[in-house]
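One structure is given below, encoded as structure tokens.
The values are calculated or read from the model by the stated rules, or taken from the named source; none is laboratory data. Since the model is a prediction, treat every value here as computed from it, not as a measurement. Glycine gets a Cβ as well: all are built from the backbone with ideal geometry, and neighbour counts include every protein chain shown.
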Amino acid sequence: MREAETKRLTNEQLLLIAIALVKASDQDGPNFVYEVAPAPASASTNTYHLTPHLFRLLSPFSFLLYSHSMPWPDAAYPKTVALRDGAEVLVRRLAAGDEDALLAFFQAIPEAERFFLKDDVSSPDLIGGWVRDAERPDPEPSPTHRTGGRAFALIAVDDGRVLAEAALVRRRGAARGHLADLRVVVAQDYRHRGLGTAILSELLDVARDSGLNGVLFEAVADVQAQALAAAESLGFIRLGLVHGGAIDPDGRLHDVVMLVMPLRRWRSSADF
């Protein structure tokens with residue numbers, strides 16, 4: 001077993017470096033998972049230490065070695081999805097005209113949960129921007145000449161009400177465009193009914209069919225436990241844990257879990 005090494009990185013680079021470390025561990029032989037702990041008090045407040053711990057990871061992570069992203073496939077939508085209790089909801093792409101219903105959906109999410117989302121989802125301007133991003137072409141040049149936008153967003157609806165919203169957002173730049181970040185939020189009265197798992201599965205199919213290599217997901221461990229459980233039930237792999245990676249309005253620290261779905265693995269399970 002190699003000696004543990006301590007590395008420092010900026011918070012903004014944390015996720016990409018964690019992925020690179022997992023890739024390196026896969027190439028070097030022994031498999032390691034990197035637990036991310038806050039740097040000592042003497043260090044800069046926006047740095048972290050990565051300490052490797054021996055841990056058996058599911059492989060391969062060679063999904064990082066190739067990328068041929070294509071436009072988002074949308075021929076499958078709209079479609080009806082059955083929940084565990086037999087109820088059916090319509091799942092379709094986010095589109096112009098959904099702004100008010102989507103804003104109402106997020107405003108109904110408890111404020112204590114909304115606080116931990118990465119964006120201010122109570123802002124009409126933000127919601128309008130999401131709708132525009134989901135429809136417009138990607139302005140960045142790409143060696144693959146892709147024409148789809150950076151974001152692919154799905155909503156589950158019933159009688160005009162938004163019940164869930166989930167999206168894939170491609171990372172910017174040719175060097176990172178083979179990966180997408182994931183977000184998902186489900187209405188309180190539709191949790192524990194299989195809607196979150198269903199809409200996540202839809203997005204993974206979309207990511208696979210668009211040629212992405214991996215989907216990344218971050219969750220606040222105690223606040224977003226249901227979303228975390230749904231992701232792990234589908235096969236997402238934990239990359240690491242950021243101790244104190246989020247802070248609530250009262251100043252309490254919360255751990256953030258980083259996960260990845262290697263889409264080569266999702267391809268295999270979907271084709272079984």
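Observations
- Residue within region 209-225 that is within 18 Å of residue 83 (Cβ to Cβ) and over 14 Å from the mean Cα position of the chain (by Cα) present: no
- In region 75-92, residue modelled with the lowest pLDDT [restricted to those that are surrounded by 12 or more Cβ atoms within 10 Å (Cβ to Cβ) and out of contact with any strand residue (DSSP E or B) (no Cβ under 6 Å at 6 or more places or on another chain)]: 76
- Qualifying residue in region 165-182 (condition: within 24 Å of residue 85 (Cβ to Cβ) and assigned to a strand (DSSP E or B)): yes
- Helices (runs of 4 or more DSSP H) enclosed by region 189-271 - at least 1 residues per element that are at pLDDT 95 or above and crowded, with 21+ Cβ neighbours inside 10 Å: 195-209
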